[in-house]
Amino acid sequence: MTEARYHWNRPHLLTLEELSADDIAALLDTARALKEVSTRSIKKVPALRGKVVVNLFFEDSTRTRTSFRLAAQRLSADVVDFAVSTSSVSKGESLADTARNIEAMGVDAMVIRHRSSGTPELLSRLVSCSVINAGDGSHEHPTQGLLDVFTIQESLQKTDRRISDIHCAIVGDIIHSRVARSNLWALTKLGAKVTLVGPSTMCPRSLEKLGVSVSHNLDEVLPHVDVINMLRVQFERLTSAAFPSLREYHHLFGLTEARLACCRPDVLVLHPGPMNRGLEITSAVADGPRAAILRQVTNGLAVRMAVLYLCVGAAATRG
Amino acid sequence: MNANQISEAIEGIKKKILLHLKTEAVEPSKLALVGIRRRGEIIAGRLSSLLQPHLGFKPPVGALDITMYRDDPMRSPLTIPLGTEMNFRLDDRPVILVDDVLFTGRSVRAALDAMVDFGRPQFIRLAVLVERAGREYPIAADFIGRNTEVDRNSLIRVHLRPLDHQDGVFIEPDKKGKGGQR
């Protein structure tokens with residue numbers, strides 16, 4: 001064989017920060033191969049037959065949970081949705097007890113979302129099965145970062161450009177955003193240029209130490225970027241009045257058709273969803289030809305299939 | 001085997017396929033080739049081009065990634081899948097499955113499983129460039145380029161352009177392949 005001697009051997013996906021560029025490339029390659037499965041009339045392959053995946057969502061999520069569920073099912077795994085509100089967690093059971101009890105039922109992977117940063121890492125030390133981070137506090141959302149990069153990579157397919165040639169703006173409430181953090185790691189590890197844009201309260205200059213540029217002026221940045229990732233204003237994570245009014249935020253940082261007209265004609269617009277239409281992005285842009293928002297959702301499924309296949313596989317072969 | 005011998009072997013497979021279609025009175029207009037990635041896909045592509053002048057059309061070629069269908073998908077090291085490219089349905093088609101080496105038969109079993117997900121073919125026949133002893137599943141090839149007798153622990157490496165620098169089949173003695181050969 002002439003293939004490179006790279007081997008994936010990580011049983012968990014906790015952060016993108018800890019991955020190498022090769023790890024990220026392996027995940028993206030696997031996702032590319034698995035995307036085809038969802039286009040078949042029989043949307044299923046037997047790779048994870050007999051494996052059990054538990055969705056452990058301590059925070060609301062519709063699309064990520066559904067996406068992980070479908071991803072596991074397309075690999076023929078059995079999936080259990082652990083509904084936190086109806087579980088013994090509401091009776092005061094600790095995370096450790098909950099996790100160990102679920103593991104005792106014979107589980108191969110736990111997909112966890114939690115409001116506290118670092119919970120997936122903690123969980124991975126409590127259990128011996130795979131742990132996959134589906135979003136922890138304002139820390140990371142690795143599969144979102146991967147699917148965003150996957151979508152960018154796909155948009156470059158018919159060009160001779162690579163991720164390392166790309167300049168990406170991430171716009172919005174950066175410090176509260178796990179999506180921003182995971183995107184930042186994935187993009188910079190693959191060599192892309194990243195500019196973080198937002199009001200100084202949400203996007204402080206101190207972020208420059210992560211090896212990216214910081215700007216508080218969206219209009220200055222837009223003409224120079226290939227990709228604009230518009231973050232959702234997260235009302236549920238805003239503890240203080242970080243900006244004076246929604247109208248002012250929209251005026252300064254909302255992506256409108258007028259702003260899009262100042263961008264490169266082939267600019268790619270991403271949004272992790274759910275959107276606040278009329279706030280960070282207008283409907284005309286969100287539903288327009290430059291937006292890849294629904295492609296992101298489709299790609300999310302392929303990316304999560306890749307994560308489950310590789311992590312569960314690595315855990316199973318660990319011996 | 002050198003490049004010429006490989007060309008002759010593939011030419012021989014082509015003749016056997018044409019004879020088979022004739023004796024079995026198969027309507028060839030729906031003939032399709034499916035190659036197991038990656039070298040089976042290359043052989044299938046070459047067969048398709050060789051068959052074109054005889055059939056008056058170029059039979060479509062599918063590329064099958066069997067990673068997700070292996071009977072040991074969770075073996076170490078984990079295989080990074082390449083993806084399947086099948087731009088046509090297999091329903092009611094005579095289909096030739098193509099691989100480079102037939103050894104244990106496990107890859108072919110996985111491929112049969114995978115193909116069923118793309119429709120119900122009229123029939124499936126198996127063509128291989130190199131056949132060697134060592135079957136672990138009840139599988140036999142219908143069209144064989146070359147039989148070889150090698151030690152059980154030897155590894156047969158097939159090199160094919162454009163994936164490799166040049167065409168060639170090489171035998172590496174006494175490698176603990178442990179059924180790893182496709």
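Tabulated results
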quantity	calculated
Segment A:R5-A:R125, length gained on full extension (0.36 nm per residue, minus Cα span)	40.3 nm
Per-pair calculated FRET efficiency, R0 = 41 Å: B:E85 and A:A258 via Cβ, rounded to 0.05	0.45
Acute angle (nearest 10 degrees) that the helix B:39-55 long axis makes with the longest principal axis of chain B, alpha-carbon atoms	20
Heavy-atom accessible area, 1.4 Å probe, ligands and nucleic acids excluded: residues of region B:80-99 down by at least 30 Å² from chain alone	B:I80, B:P81, B:T84
Heavy-atom accessible surface that A and B bury in contact, both chains counted, 1.4 Å, Å² to 100	2100
Residue-averaged 222 nm ellipticity for the protein assembly as shown, from DSSP H runs of 4+ at -39500 (n - 2.57), nearest 500	-10000 deg cm²/dmol
In Å², nearest 10: area of A:H271 left accessible to a 1.4 Å probe	0
In degrees, nearest ten, helix A:95-104 long axis to first principal axis of chain A (Cα)	50
Which listed pairs, of A:K158/B:K16; A:K51/A:K193; A:K51/B:K14; A:K44/A:K158; A:K35/B:K16, have C-alpha distances above 31 Å, in listed order	A:K158/B:K16; A:K51/A:K193; A:K51/B:K14; A:K35/B:K16
Rounded to 5, percent antiparallel among DSSP beta bridges of the protein assembly as shown	10
Positive minus negative residues near B:R161 (Lys, Arg vs Asp, Glu; Cβ under 11 Å)	0
GNM result for chain A, Cα springs below 10 Å: residue of A:K209, A:K43, A:K51 fluctuating most strongly	A:K209
Bins of 20 Å, starting at 0 and running to the largest distance - Cα pair percent for chain A	33, 57, 10, 0
Length-normalised contact order of region A:142-296 in % [C-alpha pairs under 8 Å, at least 6 apart]	23
Per-q log10 I(q)/I(0), region B:3-149, q = 0.12, 0.18 Å⁻¹ (Debye; single scatterer per alpha-carbon; no solvent)	-0.46, -1.05
Rounded to 10°, Cα long-axis angle of helix A:293-316 versus longest principal axis of chain A	30
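The values are calculated or read from the model by the stated rules, or taken from the named source; none is laboratory data. Given the structure is predicted, the values throughout are model-derived calculations rather than measurements. Methodologically, a virtual Cβ is constructed for each residue, glycine included, from the backbone with ideal geometry; neighbour enumeration extends over all protein chains shown. With ligands, DNA and RNA removed, areas are computed over all heavy atoms of the protein, side chains included. Shrake-Rupley method; radii C 1.70, N 1.55, O 1.52, S 1.80 Å.
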